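Undergrad: Below is the structure I would like to discuss, written out as structure tokens.
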Amino acid sequence: MEIPRRLIELMHAVEAADNRYRSNRGENATVALAVWSDATAALARGIAAYADETGAPHHEVESAVQRAAGRRTPAG
């Protein structure tokens with residue numbers, strides 16, 4: 001499955017925001033959490049839209065995005 005670049009970039013944004021959140025404390029962590037939340041919501045919307053557009057199951061699109069972004073899909 002070919003994954004649009006925008007979804008790969010959103011996955012990278014989520015991962016970067018997660019890393020920022022984990023390395024911050026206090027107010028900085030709160031801001032990083034808000035950024036992570038926004039990025040995660042945008043990624044979820046993008047995956048859902050692409051799944052609807054292609055007719056592929058949501059979980060298959062999500063797994064394909066993770067693989068395309070260089071991240072292994074968790075088992076289970």
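Undergrad: Please sort 45-57, 3-15 by packing, taking for each peptide the average over its residues of neighbouring beta carbons within 10 angstrom, highest first.
TA: Per-residue Cβ counts within 10 Å, averaged per peptide and sorted highest first, yield 3-15, 45-57.
Undergrad: Give the Kirkwood hydrodynamic radius (Å, one decimal) of the stretch 1-45, defined as one over the mean of 1/r across all pairs of different Cα atoms.
TA: 10.8 Å
Undergrad: How much accessible area per residue does the chain have, counting only protein heavy atoms and a probe of 1.4 Å, in square angstrom? Could you put the intermediate results ahead of the total?
TA: On the way: 5140 Å² over 76 residues.
Accessible area per residue: 68 Å².
Undergrad: Same structure again: Any idea which of V31, A51, I3 is furthest toward the positive side of the dipole for the chain, if Lys and Arg beta-carbons carry +1 and Asp and Glu beta-carbons -1?
TA: Result: V31.
Undergrad: Please grab the % of Cα pairs in the chain that end up more than 21 Å from each other.
TA: 30 percent
Undergrad: Below 8 Å between Cα atoms, with a sequence gap of 6+, how large is the relative contact order for the chain in percent?
TA: Working: 60 pairs, mean separation 27.2, N = 76.
This gives 36 percent for the chain.
Undergrad: I need the helices of the chain that pass two filters: whole DSSP H segments spanning 30 Å or more by Cα along the axis, and mean Kyte-Doolittle score no lower than 0.0.
TA: Flagged H segments are 26-54.
The values are calculated or read from the model by the stated rules, or taken from the named source; none is laboratory data. Since we're looking at a predicted model, the values are computed, not measured. Positions of Cβ are backbone-derived with ideal geometry, glycine not excepted, and every protein chain shown enters the neighbour counts. Accessible surface is based on the protein model in full, side chains and every heavy atom, while ligands, DNA and RNA are left aside. Shrake-Rupley method; radii C 1.70, N 1.55, O 1.52, S 1.80 Å.
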